[in-house]
Each structure stands twice: as structure tokens, then as C-alpha cells.
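The values are calculated or read from the model by the stated rules, or taken from the named source; none is laboratory data. This is a predicted model, so every value here is computed, not measured. Cβ sites come from the backbone with ideal geometry, for glycine too, and all protein chains shown count toward neighbours. Each accessible area value is taken on the protein alone, full model and side chains, heavy atoms only, with ligands, DNA and RNA left out. Shrake-Rupley method; radii C 1.70, N 1.55, O 1.52, S 1.80 Å.
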Amino acid sequence: MHPPDFPELPAGFRFGAATAAYQIEGAHDADGRGPSIWDTFSHTPGRTLNGATGDTACDHYHRYREDVGLLRDLGVDSYRFSLSWPRLIPAGTGPANPRGLDFYDRLIDELLAAGIAPAVTLYHWDLPQALEAPPPGSTATGGGWRVRETAEAFAEYAALAAARYGDRVERWITLNEPYCSAFVGHAEGRHAPGAQEGRGALAAAHHLLLAHGLAVQALRSAGAQEVGIILNIDRIHAASDRPEDLAAVRRAEVLHNETWTEPLLGGRYPRGEHETWGALADGAWRRPGDLRLIGAPLDFLGVNFYRPVTVAAAAHRTPDPGLRDAVDIGVTELDPYGTRHTTMGWPVVPRALTELLRDLHARYPRLPPVWITENGSAEDDTVAPDGLVHDTDRIAYLADHLAAVADAVAQGVDVRGYHVWSLLDNFEWARGYDQRFGLVHIDHDTLNRTPKDSYRWYQGMITAHRARTEEPAR
């Protein structure tokens with residue numbers, strides 16, 4: 001199969017790759033690191049596929065120099081990675097861990113020596129386990145993101161990180177996909193901490209946004225140059241033009257998108273909260289001044305995109321509104337796409353990315369420059385007899401989605417860069433090691449790294465872009 005043509009992006013466009021701490025680092029109890037909610041969740045029987053954990057993952061903690069070498073050879077401008085909060089502050093608050101701080105010093109310096117800009121995510125789902133318990137004197141039924149104290153602790157953590165690394169890091173990301181933290185973790189129960197709640201999940205959503213706002217304040221006080229947040233915004237379609245399906249789309253928009261975009265970009269809470277959640281959405285966790293903090297102007301918005309969603313009206317799973325979890329909103333997802341699917345079961349519809357970016361641009365006058373901070377495909381990758389990994393489907397996926405980004409840019413959307421997910425095959429959360437997203441194949445028994453054909457294709461894409469735009473090679 002002939003590789004697809006390289007999409008053309010404008011001069012100055014940046015290319016990168018992304019990872020997350022718990023998914024690749026391993027060394028879960030090394031050098032003073034404390035446990036996170038994902039350590040607890042993955043060690044609980046039945047929570048992850050085949051009982052997989054991130055205890056070792058890709059052992060990036062010990063092999064980071066090798067992995068930075070892969071990034072250097074790939075030719076990326078930017079590497080998006082996350083700090084492990086429990087590695088830096090094992091109890092979530094209180095004394096910092098010097099050996100954890102030193103690890104990220106080494107990683108950042110290695111990246112800079114390779115000519116790669118570090119893009120630091122402060123939170124990619126690995127909350128320190130010590131913060132999951134309710135704080136002393138609290139009336140909350142749980143701690144963690146359900147309570148305001150965690151947002152305040154996050155601001156302290158952000159200040160520590162900025163003080164330590166701010167002289168070498170220009171681009172800071174507060175949260176990755178708060179939708180997953182709040183609703184997949186606190187309502188669906190598929191992610192840590194594994195809860196199935198209504199009010200608790202909605203409180204978590206608000207406190208995550210508050211944590212973002214407080215962290216923006218802390219980062220800017222420390223002199224951070226660029227601060228943003230990453231959202232996994234969905235392109236949502238109605239299954240039909242029946243009124244009930246159109247109403248289902250509105251509820252899905254509130255759950256998936258507007259809970260985040262309206263406070264961050266519109267300066268308001270979603271108008272459809274009570275139609276979506278009823279009495280659960282009383283907002284008792286909100287305080288005067290929170291919206292101003294949350295809506296502080298952003299230097300960029302990170303968008304993670306994998307597939308579109310089509311929804312229809314459905315019966316509530318739980319008849320009693322007061323007992324529903326926050327994702328029980330009378331909506332079901334359908335799959336009418338008739339296209340190829342990745343091994344995650346996700347339909348491949350690149351045009352939906354163009355539509356999503358165009359709609360964001362039209363809807364929010366305050367939309368800052370956009371970075372695609374995750375995009376990629378899970379495929380059934382195996383090492384062939386020739387010792388290589390011939391992942392032609394992933395190459396087609398990346399080429400088509402980069403072309404979709406180029407189309408959005410041509411339509412006036414200010415997209416500055418693209419990070420492929422992911423550099424490495426990694427611990428894919430509750431799905432364990434069954435799904436492979438990486439440009440680099442990881443043998444999970446030996447931890448050997450094998451660049452795939454997609455790695456070579458992306459490398460060629462970056463080289464061709466620089467040659468076409470006359471940008472010097474790093």
C-alpha cells in the first residue's frame with residue numbers, strides 16, 4: 001500500500017507527541033512517590049482488563065533518555081507529558097518529594113538538549129490517594145474532586161511546579177479531559193475512583209474547573225508564558241430530527257461539552273443544566289467569584305479528538321431522579337457511520353474534526369488559539385517477521401485527520417499545532433495493555449521499543465513540512 005500524501009499545514013505549525021505519567025512511567029513506589037487513585041483502582045480486582053496496573057507500564061521513569069531519543073529522531077517540536085502529582089507531593093499537600101522533583105528536572109533538561117519544547121500537563125487523572133478521603137470536618141460523603149479543598153491543594157501543587165520548572169517550560173496545561181475525571185470516574189465508575197454518583201460527579205466537575213482557575217492564577221503569578229486546558233470536546237449528531245432526539249442532543253451537549261466550554265469560553269454556566277440533571281444540578285458547591293476564576297482568559301485551548309458521537313433519546317436507567325448518576329440523562333449512543341473502526345470500536349470520521357473546530361470558532365468569540373493535543377488510533381499492531389510493525393491503518397488515520405486540521409485552518413480556525421497520541425504503546429487505563437495507540441511498539445514483557453511504520457511516516461511528514469515552509473531542521 002502506498003503511503004498517503006502529506007497534508008499541507010501553514011508555516012509555523014508545530015508537530016508533537018503526547019503521553020501521560022501514569023500510563024508510561026512505572027516506578028509506582030520508587031523514590032518517594034505516593035499512591036494515586038489509579039494505583040488503588042488498578043489494584044482493585046475486576047477494575048481493569050486482566051488486572052493490569054501501571055506499576056511498570058513502559059518504565060519511562062528509568063528509560064526516559066531512550067524515549068527522548070525517539071522523540072529527537074522523530075523530529076517533533078513539542079512533547080506533551082504530565083507530571084505525577086503524587087511523585088512530587090506524595091500526600092497531595094505538604095512536603096514535596098526532592099527525588100520526584102529531580103526526575104522532571106532531568107526529563108526537561110534532556111528534552112531541551114534535544115531541541116524539543118516541553119508542554120507540561122499538571123493533571124492527567126492521577127490524583128494523590130491521600131486526597132480521596134474526605135478532609136477533617138467535612139460533611140461530604142467523599143473527598144477528592146468532590147470537595148473544594150482539592151482544588152485549593154491543586155493550586156499549591158501548580159505553584160510548586162511553576163517555581164521549579166517555569167524557567168524552562170513555556171506551555172502549561174492545567175487539566176487533561178476533566179470530563180473523564182468527573183463523569184467517567186465519578187458517574188460511570190469506569191475510571192478511578194470508580195464511583196457512580198449524581199451530585200458527587202457534578203460537584204467534581206465544578207471543583208475541577210475551579211482547580212483550573214486557581215492554577216491559572218498561580219501559574220501566571222509565577223510568570224508562566226502560556227497557560228491552557230485540554231478538553232475532549234465531542235462532535236455530537238442527532239440520530240434523527242425527531243424532537244425527542246434533538247432534545248437528547250441538547251442534554252448530551254451539556255454533559256460532554258458545555259459543562260466545560262460555557263464557563264471557560266462563554267463566562268457562564270450551561271443553560272440546559274436543569275433539563276439535563278433536574279434537582280441534582282442545584283449548584284450548592286458553587287460560590288460567588290468561582291465563575292470569574294474559571295473564566296480567566298486562556299492563551300490556548302487543547303482539543304483531544306478521536307471520533308464523533310451520534311445520540312438518540314432513551315429511557316433513564318434509574319426511574320427515581322434523585323438516585324440517578326450524572327450520566328443517566330436519557331440518552332443512548334448509536335453508530336450509524338458505516339466506516340472503519342479502530343480497535344477501541346471508534347468510527348473513523350475525519351471530517352468531524354473539521355466540523356468541531358469550525359463550530360467552536362463560530363460559537364465562542366473568546367476562543368483562543370487551538371492546539372490538537374491528542375489524536376490517534378488504536379490498532380491491532382504486531383511485529384512482523386521482518387522485525388517491523390506495518391500499521392497502515394494508523395498512517396491513513398493520521399494523514400486524514402491532519403488533512404481535516406488543514407481544512408479547519410483554511411476555514412479560518414487558528415490551530416497552532418498537533419500532538420499525536422501517543423508516542424508509546426502504554427497502559428490504556430481500564431483497558432490495560434490490550435489497546436495500542438503508539439507510534440512506537442512496546443513489548444510489554446521485555447519493554448523493547450520498536451518504531452512502527454507510522455513513526456517513519458510522521459517523521460517524513462515533519463521533514464516535508466519543514467522543507468516546504470523553509471523552516472530549519474532542529
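What is the local net charge at Y306, summed over the other residues whose Cβ is closer than 10 Å to its Cβ (Lys, Arg +1; Asp, Glu -1)? Combined, the nearby Lys, Arg, Asp and Glu give -1.
The Cα atoms of the chain give a gyration tensor whose axes a ≥ b ≥ c have a/c under 1.5, which makes the shape rounded.
The local environment of P297, defined by Cβ-Cβ distances under 14 Å, has a net charge of +1 under the rule Lys, Arg +1 and Asp, Glu -1. Put R340, R65, R72 in order of accessible area, highest first, and with a 1.4 Å probe you get R65, R72, R340.
Taking every DSSP bridge with both residues inside the chain, close to 20 percent are antiparallel.
For the stretch 49-169, the residue among Y157, W145, Y61 whose Cα projects farthest onto the positive side of the dipole built from Cβ charges is W145. With the simple spin-label model, which puts each label point 7 Å out from Cα in the Cβ direction, the S138 to E244 separation comes to 4.0 nm.
In whole percent, how big is the carbon plus sulfur part of the accessible area of the stretch 308-418, probe 1.4 Å, protein atoms only? Provide the component values of the computation, followed by the final result.
Working: 2500 of 4730 Å².
Here carbon and sulfur together make up 53 percent of the probe-accessible area.
For an R0 of 22 angstrom, estimate the FRET efficiency from the Cβ-Cβ distance between D443 and A30 and round to the nearest 0.05. Let's see the in-between values first.
On the way: r = 22 Å, r/R0 = 0.98.
Between D443 and A30 the formula returns 0.55.
Per-residue accessible area (protein heavy atoms, 1.4 Å probe) orders E275, E471 as E275, E471, starting from the largest. Per residue, the chain reaches -10000 deg cm²/dmol at 222 nm when only DSSP H runs of four or more residues are counted, each adding -39500 (n - 2.57).
How big is the dipole moment of the chain about its Cα centre under a simple scheme where the beta carbon of each Lys and Arg is +1, that of each Asp and Glu is -1, and everything else is neutral? Debye, nearest 20, please. Intermediate results must be reported in sequence, preceding the final value.
Values: 45 positive and 64 negative charges, 207 e Å.
The calculation lands at about 1000 debye.
Placing +1 on each Lys and Arg Cβ and -1 on each Asp and Glu Cβ, with no other charges, gives the stretch 414-474 a dipole about its Cα centre of roughly 220 debye. Ordering P128, V405, H212 by Cα displacement along the dipole of the chain toward the positive end leaves H212 in first place; charges were set at the Cβ atoms of Lys, Arg (+1) and Asp, Glu (-1).
Where nothing but the Cβ of Lys and Arg (+1) and of Asp and Glu (-1) is charged, how large is the charge dipole of the stretch 1-113 around its Cα centre, in debye to the nearest 20? Working shown, then result.
Details: 10 positive and 16 negative charges, 58 e Å.
That gives the stretch 1-113 a dipole magnitude of about 280 debye.
Between P350, L101, T40, the Cα set farthest toward the positive side of the dipole of the chain (charges on each charged residue's Cβ, about the Cα centre) is that of L101.
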